[in-house]
Amino acid sequence: MPASRRTGVDLRSGAGLDAVLRTAQAVVHCADDPSGGDEVTVYGTRRLADAAAANGLHLVHVSIVGIDDNPMRLYRRKLRAEQAIAAAGGPATVLRATQFHSLAAFFARALTFGPMTFSFGDMPFQPVDTEHVATRLADLALGASPAAYARATDLAGPDVLTIGELATLVRAHRGASAPRLVHLPAVGPVLKAVARGDNLPSATTAETGGRTFAAWLAEQPRQLRGR
Ligand SMILES: NC(=O)c1ccc[n+]([C@@H]2O[C@H](COP(=O)([O-])OP(=O)(O)OC[C@H]3O[C@@H](n4cnc5c(N)ncnc54)[C@H](OP(=O)(O)O)[C@@H]3O)[C@@H](O)[C@H]2O)c1
């Protein structure tokens, strides 16, 4: 059953957690609150992992591809969340996924000003469809439970697209012409990591699949919103 603050389960406080876990056969943990610092991402994850372990439940968690050496604060936190799950000691599987299509589209919009799109390096992404990720998470949760902490094969979408290519597709979706691409120097470790494409999965070990970004976009409303 779905569980989040909307249904009275809060990972910050642990409210409602025991009751919902009592009826669960496995847990798929997708909750996150990046604006709240460590509270939900790290401590809430540890709280959930401890509770799942205490109930003997397999915890499946979605994380992000490329977080090992990425200096981005959110990525540091997601890495600590994975470590918190491992430290809890229960059966757990972490699936790292690339950026969801909606987030890639958001980045393309956020970097587009009028007819111009700004890019630090090429800024490549290999975005993935959330339906594909959800199916994989469900398969893991319904499959055999590992004895302890395990990592699943990283998951990515079928195409690598630069921010310029993403912005062109997003603008075409609302009937606008291709943007003029303006390359800016990547300053600082975070922008350098983005420019290098540290968020891309390994070309040899990641599993790819799901709808392409273009196929996903074709099914979205003309006016894209949110992330
Ligand atoms: N977006 C991406 O491109 C991407 C890529 C790879 C991996 N991921 C990972 O996938 C997961 C989902 O990402 P998303 O972008 O879909 O996130 P999202 O839209 O922000 O959803 C986060 C969910 O967490 C719940 N939540 C927030 N605070 C909570 C709390 N204190 N207690 C319980 N639940 C809480 C929210 O529901 P309520 O408001 O009802 O509590 C919401 O449903 C995250 O772990 C993220 O790191 C995302």
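The values are calculated or read from the model by the stated rules, or taken from the named source; none is laboratory data. Here the structure is a predicted model, which means the values were calculated and not measured. As a convention, Cβ positions derive from the backbone with ideal geometry for all residues, glycine included, and neighbour counts pool all protein chains shown. These area figures cover heavy atoms from the full protein model, side chains too; ligands, DNA and RNA do not enter into them. Shrake-Rupley method; radii C 1.70, N 1.55, O 1.52, S 1.80 Å.
Observations
- In this structure, the amide hydrogen of Met116, modeled 1.01 Å from its nitrogen in the peptide plane, lies closer than 5 angstrom to those of Arg180, counting only residues at least 5 positions away or on a different chain.
- Structure-based [θ]222 nm, the chain - -39500 (n - 2.57) summed over DSSP H runs of at least 4, per residue, nearest 500: -10500 deg cm²/dmol
- Under the criterion of Cα pairs below 8 Å and six or more residues apart, the relative contact order for region 5-218 equals 22 percent.
- Highest mean packing first, where packing is the average number of other Cβ atoms within 10 Å per residue, the peptides 36-47, 155-166 line up as 155-166, 36-47.
- Computed in the context of the full set of protein chains, the accessible area of region 5-218 at 1.4 Å probe radius has 55% of its extent on carbon or sulfur.
- Span per principal axis, largest first, for the Cα atoms of region 5-218 (Å): 55, 36, 33
- Taking a ≥ b ≥ c as the square roots of the eigenvalues of the alpha-carbon gyration tensor, region 67-141 is classed oblate because a/c is 1.5 or more while a/b is no larger than b/c.
- In this simple spin-label approximation, Ala147 and Ala15 carry label points 7 Å from Cα along the Cα→Cβ vector, and these lie 4.1 nm apart.
- Share, in percent, of DSSP beta bridges within the chain that are antiparallel, nearest 5: 15 percent
- At most 16 other Cβ within 10 Å, DSSP loop - trypsin sites (Lys or Arg not before Pro), region 125-184: Arg174
- In the full protein context, the chain carries 50 Å² of accessible surface per residue, based on a 1.4 Å probe and ignoring ligands, DNA and RNA.
- Put simply, when 101-107, 194-200 are sorted by average Cβ atoms within 10 angstrom per residue, most first, you get 101-107, 194-200.
- Our estimate of slack between Leu200 and Met116, defined as 0.36 nm per intervening residue step minus the Cα-Cα distance, is 27.8 nm.
- Charged-residue dipole, Cβ positions (Lys, Arg, Asp, Glu), the chain about Cα centre, Debye nearest 20: 620 debye
- Amide hydrogen proximity for His58: with H placed 1.01 Å from N in the peptide plane, the residues at 5 or more positions away or on another chain lying under 5 Å are Val27.
- Amide H contacts under 5 Å for Arg151: Val94, restricted to partners 5 or more places along the chain or on a different chain, H placed in the peptide plane at 1.01 Å from N.
- Spatial separation of Cα centroids for region 58-92 and region 172-195, in angstrom: 28 Å
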